[in-house]
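First comes the structure, then the notes that go with it.
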Amino acid sequence: MKETELLGVQQTLSPVLQAKALDNRLNDPILGDHYAEQVMRSLDPGYDNRRFGASQVGLAAVVRAKAHDDWARDFLADHPDAVVLHLGCGLDTRVQRLDPPATVDWYDLDYPAVIELRHRFLPPREHYTLIGSGVTDLTWLESIPRSRPLLMIAEGLVPYLTETDLRRLLTSLVDAFPSGRLQFDTVPVWAWRTSKWDPTLRTYGAQFRCGFNDPAALADWHPRLEYVDETPMYDAPILMAKAPANIRRMYRLLNLIPGMKRSTRIVRFRF
Ligand SMILES: C[S@@+](CC[C@H](N)C(=O)[O-])C[C@H]1O[C@@H](n2cnc3c(N)ncnc32)[C@H](O)[C@@H]1O
């Protein structure tokens, strides 16, 4: 990856993209995202020759992507007129995987440097717009059609926002749209507090800025917001069914450590 082009938190997109690229090399992949493999190879031809090489240690991130895809697919099947806000999109190719009908307007948002890479490595589409902006500067929201149902997807983004910014983002979205779904993932308070010592995050000069022990309680932030449910990640049946045996064993062991199993919570809300 031309990591020199990405700064701080922007670099966190790289291990997730790599995990998706490597999953696609399994005989029976979880996500099967051939675009991810293509983009990863174009960005960094030697991506599988480094420290963890072609190991599937990051496969739980792929489970998270699949969970968000499945929820999004369901929502779009019921709301073919939806507006999708895919925030902190990184180089994820969700719009290609889901291939929504032309009645859906889809927006991918991330920092300008990341969007620049998307322009370079991913094809344009009809009814698909890239927004190069920080997510917390809400002026981008003014350019979005706001009379249709909203689907907001934020995969791997929320922990990098402060609670104040997250609250302003979520409540502004509920205020701006007639109805919708918000799906994202959070970390608990201990993971937030210890993230400054996380070796991977330290390499990128990034750290988490919020954490929640009870993410369902975020529904209290707006009278129209309602918690729907949560889906598993580190102990997801699909991970246990499809991961190579050594990776399955690794996750089983990790899940024995108190708190690890729920160290990421994938949650959704409706309004
Ligand atoms: C862990 S990566 C996840 C990328 C992508 N969602 C995925 O799952 O492959 C986090 C992404 O959030 C983006 N990000 C973090 N803070 C942001 C902010 N304040 N505004 C816009 N993007 C942000 C980063 O640039 C990065 O692309």
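Quick note: the coordinates plus some simple rules give every number you see, no bench work behind them. Owing to the predicted nature of the structure, the values given are computational and were not obtained by experimental measurement. Cβ: placed from backbone, ideal geometry, glycine included. Neighbour counts: every protein chain shown.
Structure summary
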| read-out | value |
| --- | --- |
| Whichever residue in the stretch 25-48 is within 14 Å of the ligand (Cβ to nearest atom) and not β-branched (V, I, T) and, among such residues, is farthest from the chain's Cα centre (by Cα) | L43 |
| Lone unmet requirement of (1) under 21 Å from T186 (Cβ atoms); (2) within 15 Å of the ligand (Cβ to nearest atom) for V95 | (1) |
| Residue that is in contact with a Gly (Cβ under 6 Å, 6 or more places away or on another chain), outside any loop (DSSP other than H, G, I, E, B), hydrophobic (A, V, I, L, M, F, W, C) and under 25 Å from T186 (Cα atoms), where the choices are I115, I131 | I115 |
| The listed residue being crowded, with 17+ Cβ neighbours inside 10 Å and more than 18 Å from the chain's Cα centre (by Cα), out of A219, A236, A241, A206 | A219 |
| Selection count where residues are within 12 Å of the ligand (Cβ to nearest atom) and either basic (K, R) or not in a helix (DSSP H, G or I) (or both), scope the stretch 61-88 | 6 |
| Cross-chain or 6+ apart pairs with Cβ under 8 Å, the stretch 148-163 first and farther than 12 Å from C89 by Cα, then aromatic (F, W, Y) and within 7 Å of the ligand (Cβ to nearest atom) | none |
| Residue within the stretch 150-170 that is surrounded by fewer than 19 Cβ atoms within 10 Å (Cβ to Cβ) and away from the ligand (no atom under 16 Å from the Cβ) present | no |
